[in-house]
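Engineer: Here it is, the structure in full.
What follows draws every value from the coordinates through simple rules; no lab data is involved. No experiment lies behind these values; they were computed from the predicted model shown. Using ideal geometry, Cβ is built from the backbone for each residue, glycine included, and neighbour counts are taken over all protein chains shown.
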Amino acid sequence: MNGLAYDGGAMLDRQLRRVRNSPGLTVLTQTMPITMLLFFGYVFGSALAMPGPQYRSFLVPGLLVATAANGVMTGMFQAAQDTHRGVTDRFRTLPMSRAAVPLGQAVADLLVTAVGTVPFLLVGLAVGWRVEGSALHAVAAVLLLLLFRFAATWTGIFLGLLTRSEEAAGQLGSVTFMLPLLSNAYIPTDGLPGVLRTLAEWNPISAVTAALRELFGNGRVPPGSAWPVAHPVAGALVWCGVLLAVFLPLAVRRFASGDR
C-alpha cells in the first residue's frame, strides 16, 4: 500500500505537469462549460416553456454533470496517447505498482476538475442560479459530482487502453458528447416519448443530474420516473459504484497485462 501511494504520487505529479505544459487545452476545457451555460441558458432558455432564469437554474446542475461525464473522453484520450507513444510500455518496465499510472491519471483529472468547477459555479451564480438547499447538501452535491467524474475517468482509461490508435480514441471519445443529449441534463424527460424517456432516465447522467438538482434544491423529480431518477441520490451512488467496480479493476488489469 505504501508503494502504491508513493508510486501513485509520482504519477500524479507527472500528470499535473502534463496539464501545466498544455495551458491552451486546459483553458479550453475549463471555459467550454461556461460558454455552453451562457449559450444554452440564454438561447435555449428563451425557446422553452421555462422562463429564462428558471431554465438556467435547471441547466447548471445538468451542465456540471455533462462536463463530469467528459471524463470518459479525457481519460480515454490520455491513456491512448501514452499507450501508442510507448510511454506505457516504459512504465511497465519500472519496479512500480501497476495501479499507480492509471491512479495518478484519475486523481490528477479529479483535482483539475475540482478547480475548474469553482469558476463555473461563480458564473452560474452570476446568471441567476442559486443554491436553494442547505450548505451541507451543496457540499454533498459537489462531492457526488467529483465521484462521478472519478468513475467516468476510470471508464475512459480502460477504453483508451483498448483502442488501436490515438485517432480511434479521439473518434470514440467524440461519441461521448451524445450521452448528455439523451438525458435530463438539458431538458426535462417527462415530455419524451416512452422508449426515449426510459433510455434517458436509465442513463447514469440523468441520475447524477437529478441528485444534484435535489441536493442544490433546484428541481423536482417528474412523476412516474424510473428508479434511478425517482431516487436520485441513491441512484447516482449506485451508478458510480457500478462504474468503479467494473472499470477500475479492468483498467488496472489491462495496464498490467500489456495486451494490445
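Engineer: Over the stretch 2-257, calculate the relative contact order: mean separation of alpha carbon pairs under 8 Å at least 6 apart, over the residue count, as a percent.
Structural biologist: Value for the stretch 2-257: 26 percent.
Engineer: Taking the simple approach of a point 7 Å from Cα along Cα-to-Cβ for both Glu167 and Arg220, what is their distance in nm?
Structural biologist: 5.2
Engineer: Pop a pseudo-label 7 angstrom from the Cα along the beta-carbon direction at both Val175 and Arg90 and give the gap in nm to one decimal.
Structural biologist: Going from the Val175 label point to the Arg90 one covers 3.1 nm.
Engineer: Continuing with this model, one more query. May I ask you to sort Met76, Met11, Met32 by Cβ crowding, counting other Cβ atoms within 10 Å and putting the fewest first?
Structural biologist: Met32, Met11, Met76
Engineer: Go ahead and set up a Gaussian network model of the chain, Cα springs under 10 Å, then flag whichever of Leu64, Leu125, Leu145 fluctuates most.
Structural biologist: Leu125
Engineer: Starting at 0 and stepping by 10 Å, how many percent of the alpha carbon pairs of the stretch 144-242 end up in each bin?
Structural biologist: 16, 44, 29, 11, 1
Engineer: Right, something else. Given a Förster distance of 35 Å, report the FRET efficiency between Val246 and Arg130 from their Cβ-Cβ distance, rounded to the nearest 0.05.
Structural biologist: Using R0 = 35 Å, I get an efficiency of 0.45.
Engineer: Cα axis of helix 2-20 to longest principal axis of the chain: angle in degrees, 0 to 90, nearest 10?
Structural biologist: Value to nearest ten degrees: 70.
Engineer: Another one. Among Asp82, Asp89, what is the fewest-to-most ranking by other Cβ atoms within 10 Å?
Structural biologist: Lowest to highest Cβ neighbour count: Asp89, Asp82.
Engineer: Quickly work out the Ala230-to-Ala10 label distance, labels modelled 7 Å from Cα along the C-beta direction, and quote it in nm with one decimal.
Structural biologist: In this crude spin-label approximation the distance works out to 5.2 nm.
Engineer: Of the residues Ala135, Ala236, Ala210, which exhibits the maximal mean-square fluctuation in a Gaussian network model of the chain defined by a 10 Å Cα contact cut-off?
Structural biologist: Ala135
Engineer: At 222 nm, what helix-only mean residue ellipticity would the chain give, in deg cm²/dmol to the nearest 500, using -39500 (n - 2.57) for each DSSP H run of four or more?
Structural biologist: Helix contribution divided over all residues of the chain: -24000 deg cm²/dmol.
Engineer: Something else now. Report the residue, chosen from Ala245, Ala80, Ala207, that carries the largest GNM mean-square fluctuation when the chain is represented by alpha-carbon nodes joined by springs under 10 Å.
Structural biologist: Looking only at Ala245, Ala80, Ala207, the largest GNM fluctuation is found for Ala245.
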